[in-house]
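Engineer: Shown below is the structure under consideration.
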Amino acid sequence: MSGIWILRIGHRPERDKRVTTHVALAARALGAKGIYVDSPDSKLEDNIRSVTERFGGDFFIETGSPWRQRLNQFPGKVVHLTMYGSRVDDALEKVSPDDDLMIVVGAEKVPAEVYQRADINVSVGNQPHSEIAALAIFLDRLTGGEALYSERHGKLEVIPTERGKRVVDLSRCD
């Protein structure tokens, strides 16, 4: 798979801080290279950079990024996650492993021009649900889950266990 980037449109820092944080965390965990957020939000940037620093990887975040410019200058395919698009399984057939993808995730009503600019408008189910769920399902199906347990070379590593929590601080293992 080539590069995957997320574009978050309509982020309202006071109202959407947790949801946009979770969009970014899901994107990072499921293989995206980074996220662009249209509204400036330095606290969101700090939180996501902190996670990346501690748990590894090269995920980036940029807030205050003009969404129209990002969409119009993106050279790859634009995928818009919406309840009103093609079924996710049908849409995935239109994506090649060689495609660079910009996945648009809206926070509030998405402007009509996003639907028009998108190469693929994708519906993940036909029932109301969160954009976090839609992004996670789409990325997991797109990548075949390959990013879920990939090595990120972070300072911290969560070790899957049936019960309890096991986190290894690799920075102390030198």
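The numbers here are math on the coordinates, done by the rules we state, and not lab data. Since this is a predicted model, take the numbers as computed values, not measurements. Positions of Cβ are generated from backbone atoms using ideal geometry, with glycine treated the same way; all protein chains shown enter the neighbour counts.
Engineer: Applying a 10 Å radius around every beta-carbon, put 47-54, 24-31 in order of their mean neighbour count, most first. All intermediate terms of the calculation are to be shown ahead of the outcome.
Structural biologist: Values: 47-54: 16.4, 24-31: 22.8.
Most protected by this proxy first, the peptides run 24-31, 47-54.
Engineer: Compare Val95, Val105, Val124 in a GNM of the chain, Cα atoms joined below 10 Å, and give the one with the largest fluctuation.
Structural biologist: Val95
Engineer: Among (i) 1, 9, 19, 24, 23, 15, 7, 1, 0; (ii) 1, 8, 17, 21, 20, 15, 9, 5, 2, 1, 0; (iii) 1, 6, 9, 10, 8, 6, 5, 4, 4, 4, 3, 3, 2, 3, 4, 6, 7, 7, 5, 2, 1, 0, only one was calculated for this model; which label is it, if the read-out is P(r) over Cα pairs in 5 Å bins from 0, in percent?
Structural biologist: Recomputing P(r) over Cα pairs in 5 Å bins from 0, in percent here gives the entry labelled (ii).
Engineer: For region 50-108 and region 155-174, what is the separation of their Cα centres, given in Å?
Structural biologist: 30 Å
Engineer: Which Cα, out of Leu25, Leu142, Gly56, lies furthest along the positive dipole direction of region 4-147 (beta carbon charges, K/R +1, D/E -1)?
Structural biologist: In region 4-147, that residue is Leu25.
Engineer: May I ask for the net charge around Arg68, where only other residues with Cβ less than 12 Å from the Cβ of Arg68 are counted and Lys, Arg are +1 while Asp, Glu are -1?
Structural biologist: The answer is 0.
Engineer: Which value, in debye to the nearest 20, gives the size of the charge dipole of region 4-147 about its Cα centre, when Lys and Arg are +1 and Asp and Glu are -1 at the Cβ?
Structural biologist: Numbers: 18 positive and 21 negative charges, 75 e Å.
With only Lys, Arg, Asp and Glu charged at Cβ, the dipole is about 360 debye.
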